[in-house]
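Before any comments, here is the structure.
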Amino acid sequence: MEVEYLPITASEIPIEKDFTIGATYSFRFLHNERSDFYTCIILNSDEEILFTTKICYARELVDVVVDGLQINRLIIPLNPQEIEQARILQGQVVNKLLFGSDILLILGRLVEV
């Protein structure tokens, strides 16, 4: 299956990369070693934080409307091989073993912003 995704792997984190998804934003990815989970911080071009979230399997990365955030694609942490099983696994926390290898930040359908 051919899917588009944000090219991030666990070995790169912590990292900040710019992605154009509707508009260009900086995505900062961090790992909490103590509890083994990842967070994503989205910043505008002025380095202002627009959105912060814990990355959870099969849940939209940006699941609310945020002023100044014009992302026009769904971003969903999924293992492309397990898309049919996603409903069963939905909401599980993404850990270091899976992030960027089995679980990718899949770009979904275009959304209206």
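Table: residues versus (1) more than 17 Å from L104 (Cα to Cα); (2) of a type in the set (A, V, I, L, M, F, W, C).
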{"residue": "L30", "(1), (2)": "no, yes"}
{"residue": "K54", "(1), (2)": "no, no"}
{"residue": "V62", "(1), (2)": "no, yes"}
{"residue": "N72", "(1), (2)": "yes, no"}
{"residue": "I76", "(1), (2)": "no, yes"}
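Quick check: anything in the stretch 1-18 among the polar types (S, T, N, Q) and either surrounded by 15 or more Cβ atoms within 10 Å (Cβ to Cβ) or free of Cβ contacts under 8 Å to residues at least 40 places away in the same chain (or both)? Looking for residues that are among the polar types (S, T, N, Q) and either surrounded by 15 or more Cβ atoms within 10 Å (Cβ to Cβ) or free of Cβ contacts under 8 Å to residues at least 40 places away in the same chain (or both), one finds none in the stretch 1-18, hence no. Restricting I41, I55, I49 to residues that are more than 20 Å from V3 (Cα to Cα), at pLDDT 90 or above and surrounded by 15 or more Cβ atoms within 10 Å (Cβ to Cβ) narrows the list to I41.
Listed by first and then second residue, the pairs with beta-carbon distance under 6 Å, at least 6 apart or on different chains, first residue in the stretch 89-107 and without any contact (Cβ under 8 Å) to a residue 60 or more places away in the chain, second among the aliphatic types (A, V, I, L, M) and assigned to a loop (DSSP other than H, G, I, E, B), are L89/A58; Q90/A58; V94/I55; I103/V94.
Among the residues making up the stretch 38-64, those that are among the polar types (S, T, N, Q) and under 15 Å from T20 (Cα atoms) are N44, S45. Inclusion of L69 among residues that are touching a residue at least 12 places away in the same chain (Cβ under 8 Å), crowded, with 16+ Cβ neighbours inside 10 Å and not in a strand (DSSP E or B) is warranted.
The values are calculated or read from the model by the stated rules, or taken from the named source; none is laboratory data. Note that the coordinates shown come from a computational prediction; the quantities given were computed from them, not determined experimentally. Cβ coordinates were reconstructed from backbone atoms using ideal geometry, including for glycine residues, and neighbour counts include every protein chain displayed.
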